[in-house]
Structures are given as C-alpha cells and as structure tokens.
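Asker: Dropping the structure in here first, questions after.
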Amino acid sequence: MSLLHAVEVPRLPVSRLEPVIGASRYAELARAADQVRQVLAGRTIWNVNSTAAGGGVAEMLQVLVGYVQGLDIPIGWLVITGDAEFFAITKRLHNQIHGSPSGAPLGTAEAGHYARMLAANAVELAARVRPGDVVLLHDPQTAGLAAPLAQAGARVVWRCHIGVDWEDEVTRAGWDFLRPHLAVAEAYVFSRREYVPSWIPAGKAWTIPPSIDPFSPKNQQLAADTVRAILVKLGVLDGTAPTVPATFVRRDGDVGVVTRPADIIGEGRPGLDDPVLVQVSRWDRLKDMAGVMRGFADHVAPVGDGYLILVGPAVIGVSDDPEGAAVYRECLLQWRDLSPAARTRILLVTLPLDDIDENAAMVNALQRHATVIAQKSLAEGFGLTVAEGMWKGRPVIGSAVGGIIDQIAEGTGILLPDPADLAAFGSAVCLLLGDQDQARGWGRPRTPASASNTSAMCTCCTTPSCSAP
C-alpha cells in the first residue's frame, strides 16, 4: 500500500486570465513561463502537502497546478500519509508558529515520531522524484522531507503559508523544532515578508501572497436564482426553490449540480431578504468561530436584525486537522447554551467534501448571498475568504492580524484592532447589517477595475496595492 496519493488536476486555460490581470501582466506571465520551461529542460515540479481537500493550501494547488499544466510546464502534486499522532504533532506546530501554545512542549519523542513518519514517505518520494526535479514542500507537515529529497538530488523549496509578524517563546519553540529539517532547502517562500524567521538568509527568502481563481467553482459568477437554488438545496434558506437548477461550472468545464444538503444546526432560517453575516473557515480555534457566535449572540441579536451562518467543512473530511471535530463540538455545545432568541438566528453549517467542486459552489453561493463576510481570526497567515468576499463585492469585517491587514483595502470593509473585543465586532456587524445600502457601497473598491487599470489589479483580492504575481 502506497503512502503517497497523486492528485489529478484538470488542465486550465491560462488565456482566460488576460481580461482579469490585463494584457501587460499576461504578457509578463507568458514570458516567465517560457523561461521556466527552458530552465527546467524537461524536469518536473512536484508539490507535496498533507491533504487534497479541506484547506486553503489544497484549494490553491487545485488551481495553480491546473494553470501551470496549461502553460505546458511539467508539474505534479503528491499528498503524504501520516498517522493520528503525526497530525497531532503538526497541528501543535501550526499553533505554535501562530503564537498559540498547544499542549506540552514538543520533545524528543515527538521529534522522533515526526521524523520516522516522514522518512517512510521520503522512501517513496525519492523513487518518483528525479535528480534535478524541483520539489515544493508545503508547510510544517512536509518540512522533514527536505533533507532526504535533497540527498536524492532534488532542488528543494519550502513553501510556508502560515506565520505571525512577531516573535516570542512559543513561536521560537515551533521554529526550533523545524529549523534542523529546513537547513538544506535552497529557497523559502512565505506569504508575508514579516513571517520570515530571522535565521533564514535574506537572499533565499521570497514573498508570494496567495491568490484565488475568479473562474473556479468557488468564485465564478452565479445568477441570483442559481444562488437561491443552491441555498434552498443546502437547507439554509427559508422558502421554496426557484425553477432554475442549482448548477455551476466544474473546473474541467462540465456542468455540475448541487445535490447534497448541508448538515445544519439551527432552529430558524433566514428569508430571502433577511440580512446575513457569513463566516467560512475550518473548525479551527484560531479562526474563532466560537467568538463570532458569542459576539453575534451578545451584541447583535439583542439590538439588531439579521442572521449569522457559521460555515465549515464536514469534520471527517479534513485529514490533517485533528482539532476540527473537537472545535466543532465546542461550538455546538456553546450554541445549545444560547438563549432561544439567539438560537433561532444562528446556524452552524457543515458542508460535505465528497465532491470538492460541489463544495466550492456551495461556499460561493453562501458568500454571494451574504450581506457581510466575517473573518474574525485570532491569527491568520492570509485570509482566502477575505479575498473571496472582496472579489464578490461583499464588505468584510476582519481582524487586524496577519495577511488580513494587507487585504482589506480602504472602503471595502472594517479591520478590528483587537480580535477579542466582541463588543467592537458586534458594533461593526450592526453597522453593516443595519444599512444594506451602505454595506453594498463598502463592498465595492474605491477604484473599481476597468480596462484602464486592470493591469494593476490582482487576481487574489482586486486590490491595486497587492504584490501577488
């Protein structure tokens, strides 16, 4: 039985990006692709991570690998296997690098188990990867593969999607665990310059913000009746379904239909015209779903209108996040302790992951129906849901942490200086839910994309100042 899972990704036509990024940037992309093909000279780029679905890294790889294939650059994607203890260790590392202590310090026993699990994966990887191939290792789960792959002749790059812009004993402990494994990497890529640890040589560190695909099932345009049809199928909207089908376009160009309902905890349902606040994320303590619920129940429900929908993946569908089920249970218990009035206006929604394109279309419909998007994270490497909300013209209420600071442009949302200040969060929600005309205005960038300025825009967040390629 193989420890590695090869993920097949549909080839995507890069030409459809030209109207979004502009002719100048598209020409630059084509020139860069020519250079990469020449440098590779037939060698392959391999992406290695720990899950094929259920998180931002997997979501981006589904898109980026497809577009690279569309540029005729040899590329592959492999997912490693780990046991429950391995993913418990890497989740603790994830939390530590975000400055959140998680259990007892990681010691020699944990370090040994981490290394042994990755050594077993490395044996199979070394048999697939040829000398000279480029291997992009994603996040802490794969860092221990750097040395054996380098010894096999691969050109190793470590891609870190997480971090904070400060340092303390907790973050240092996480980096100290990973540092010995990463010493042999030839380059390091981070989402923000502020995340680069001081021990990484400046000449080897690169900053590339994440991005979203405007044509993916998660971000493609959906007609209002289609949005309503999907939401009625999910069961999150009160009312009868429209006559149009709940259809969307899959990544491979085929037409898909949303057929699966969501798993919903909630005693009420919003009507078609009710204002709705939506937060979509993993069931992760750093995303603070519980804080969003408490802030809405205490500071919005008693004084204002609207509903809160907290949306996450089915907890059994995210293989590399052992905390998901526990965090969801905590949210469920908290919801049960709310007042009856609050319970009727707060929904906990888990979406099936059996079909990742269908799952993405579900999220798309929920975000497009939202009056306001929230991302009240306690720590955030880079908020893809922030970019998604802005792309869809929705105002975003986000914490002033990590990449969210870079994302929310003036006039497109509200940055919360203190993520723990639930009263301030509630005031921001009341402001935007209570005045939907203002909310719609805030959801539009001050300088909208046009034929004259599209080349300055970014496919990840429609923000002119973004430096994403």
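Asker: Would it be correct to say that Arg179 is over 25 Å from Val39 (Cα atoms) and either open to solvent by 30 Å² or more (accessible area, probe 1.4 Å) or without any contact (Cβ under 8 Å) to a residue 40 or more places away in the chain (or both)?
Answerer: In short, yes.
Asker: A follow-up question, please. Which of the residues spanning the range 332-344 are within 22 Å of Arg285 (Cα to Cα) and either within 21 Å of the chain's Cα centre (by Cα) or in contact (Cβ under 8 Å) with a residue 60 or more places away in the chain (or both)?
Answerer: If the condition is that a residue be within 22 Å of Arg285 (Cα to Cα) and either within 21 Å of the chain's Cα centre (by Cα) or in contact (Cβ under 8 Å) with a residue 60 or more places away in the chain (or both), then Leu332, Trp335, Arg343 are the ones that fit.
Asker: Identify, please: which residue in the range 310-331 is crowded, with 20+ Cβ neighbours inside 10 Å and among the β-branched types (Val, Ile, Thr) and is, among those, farthest from the chain's Cα centre (by Cα)?
Answerer: Only one residue fits best here, namely Val327.
Asker: OK, next. Restricting to the range 235-286, count the residues that are farther than 30 Å from Arg11 by Cβ, open to solvent by less than 40 Å² (accessible area, probe 1.4 Å) and either outside any strand (DSSP E or B) or not hydrophobic (A, V, I, L, M, F, W, C) (or both).
Answerer: 14
Asker: Now for a different question. Residue check: is Ser191 open to solvent by 40 Å² or more (accessible area, probe 1.4 Å) and among the hydroxyl-bearing types (Ser, Thr, Tyr)?
Answerer: No, not satisfied.
Asker: Identify all residues within the range 120-156 that are polar (S, T, N, Q) and either open to solvent by 40 Å² or more (accessible area, probe 1.4 Å) or in contact with a Gly (Cβ under 6 Å, 6 or more places away or on another chain) (or both); write none if there are none.
Answerer: The one that is polar (S, T, N, Q) and either open to solvent by 40 Å² or more (accessible area, probe 1.4 Å) or in contact with a Gly (Cβ under 6 Å, 6 or more places away or on another chain) (or both): Gln151.
Asker: Something else now. Here are Ala325, Ala290, Ala297: which of them is under 24 Å from Ala58 (Cβ atoms) and in a helix (DSSP H, G or I)?
Answerer: One residue alone meets the criteria, Ala325.
Asker: Also, quick follow-up: Exactly one condition in (1) among the charged types (D, E, K, R); (2) in contact with a Lys or Arg (Cβ under 9 Å, 6 or more places away or on another chain); (3) open to solvent by 10 Å² or more (accessible area, probe 1.4 Å); (4) not in a loop (DSSP other than H, G, I, E, B) is false for Asp354; which is it?
Answerer: Asp354 satisfies all of (1) among the charged types (D, E, K, R); (2) in contact with a Lys or Arg (Cβ under 9 Å, 6 or more places away or on another chain); (3) open to solvent by 10 Å² or more (accessible area, probe 1.4 Å); (4) not in a loop (DSSP other than H, G, I, E, B) except (4).
Residue-wise test of (1) surrounded by fewer than 17 Cβ atoms within 10 Å (Cβ to Cβ); (2) of a type in the set (Gly, Ala, Ser); (3) part of a loop (DSSP other than H, G, I, E, B).
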{"residue": "Ser2", "(1), (2), (3)": "yes, yes, yes"}
{"residue": "Val9", "(1), (2), (3)": "no, no, yes"}
{"residue": "Ser15", "(1), (2), (3)": "yes, yes, no"}
{"residue": "Pro19", "(1), (2), (3)": "yes, no, no"}
{"residue": "Arg25", "(1), (2), (3)": "no, no, no"}
{"residue": "Val39", "(1), (2), (3)": "yes, no, no"}
{"residue": "Gly42", "(1), (2), (3)": "yes, yes, yes"}
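Asker: Can you name the residue in the range 57-95 that is farther than 27 Å from Pro322 by Cβ and aliphatic (A, V, I, L, M) and, of all such residues, is least open to solvent (accessible area, probe 1.4 Å)?
Answerer: It comes out as Ile73.
Asker: Right, here's the next one. Residue check, Gly239 against (1) without any contact (Cβ under 8 Å) to a residue 40 or more places away in the chain; (2) within 30 Å of Arg329 (Cα to Cα); (3) in contact with a Ser or Thr (Cβ under 9 Å, 6 or more places away or on another chain), all met but one. Which one?
Answerer: Single failed check for Gly239: (3).
Asker: So for the range 235-245 (the condition being farther than 24 Å from Arg159 by Cα, modelled with pLDDT of 95 or more and β-branched (Val, Ile, Thr)), does at least one residue qualify?
Answerer: Yes, there is a match, as at least one residue in the range 235-245 is farther than 24 Å from Arg159 by Cα, modelled with pLDDT of 95 or more and β-branched (Val, Ile, Thr).
Asker: Mind checking which residues of the range 369-383 are open to solvent by less than 20 Å² (accessible area, probe 1.4 Å) and within 22 Å of Gly54 (Cβ to Cβ)?
Answerer: Ala370, Ile373, Ala374, Gln375, Lys376, Ser377, Ala379, Glu380, Gly381, Gly383
Asker: Does Ala223 satisfy the condition of being modelled with pLDDT of 95 or more, within 21 Å of Met390 (Cα to Cα), surrounded by fewer than 19 Cβ atoms within 10 Å (Cβ to Cβ) and aliphatic (A, V, I, L, M)?
Answerer: Yes.
Asker: Do we have any residue at all in the range 384-398 that's open to solvent by 30 Å² or more (accessible area, probe 1.4 Å), modelled with pLDDT under 95 and of a type in the set (A, V, I, L, M, F, W, C)?
Answerer: Yes - at least one qualifying residue is present in the range 384-398.
Asker: I'm told Gln35 meets every condition in (1) within 26 Å of Ala154 (Cβ to Cβ); (2) of a type in the set (S, T, N, Q); (3) touching a residue at least 60 places away in the same chain (Cβ under 8 Å) except one. Can you identify the failing condition by its number?
Answerer: With respect to (1) within 26 Å of Ala154 (Cβ to Cβ); (2) of a type in the set (S, T, N, Q); (3) touching a residue at least 60 places away in the same chain (Cβ under 8 Å), Gln35 is out only on (3).
Asker: Looking at Val196, Val257 in this structure, which one is farther than 30 Å from Asp176 by Cβ and hydrophobic (A, V, I, L, M, F, W, C)?
Answerer: Testing whether each residue is farther than 30 Å from Asp176 by Cβ and hydrophobic (A, V, I, L, M, F, W, C) leaves just Val257.
Asker: I would also like to ask the following. How many residues, within the range 92-113, are over 19 Å from Asp288 (Cβ atoms) and modelled with pLDDT of 90 or more?
Answerer: 9
Asker: Kindly indicate whether any position in the range 168-176 is under 15 Å from Val48 (Cα atoms), in contact with a His (Cβ under 9 Å, 6 or more places away or on another chain), at pLDDT 95 or above and crowded, with 19+ Cβ neighbours inside 10 Å. Spell out the reasoning first.
Answerer: Step one: list which residues in the range 168-176 are under 15 Å from Val48 (Cα atoms), which gives none.
Among the residues of the range 168-176, not one is under 15 Å from Val48 (Cα atoms), in contact with a His (Cβ under 9 Å, 6 or more places away or on another chain), at pLDDT 95 or above and crowded, with 19+ Cβ neighbours inside 10 Å, which makes the answer no.
The values are calculated or read from the model by the stated rules, or taken from the named source; none is laboratory data. Remember, it's a predicted structure, so these values are computed and weren't measured experimentally. Every residue, glycine as well, gets a Cβ built from its backbone with ideal geometry; the counts of neighbours run over all protein chains shown. Accessible surface areas use protein heavy atoms only, side chains included; no ligands, DNA or RNA. Shrake-Rupley method; radii C 1.70, N 1.55, O 1.52, S 1.80 Å.
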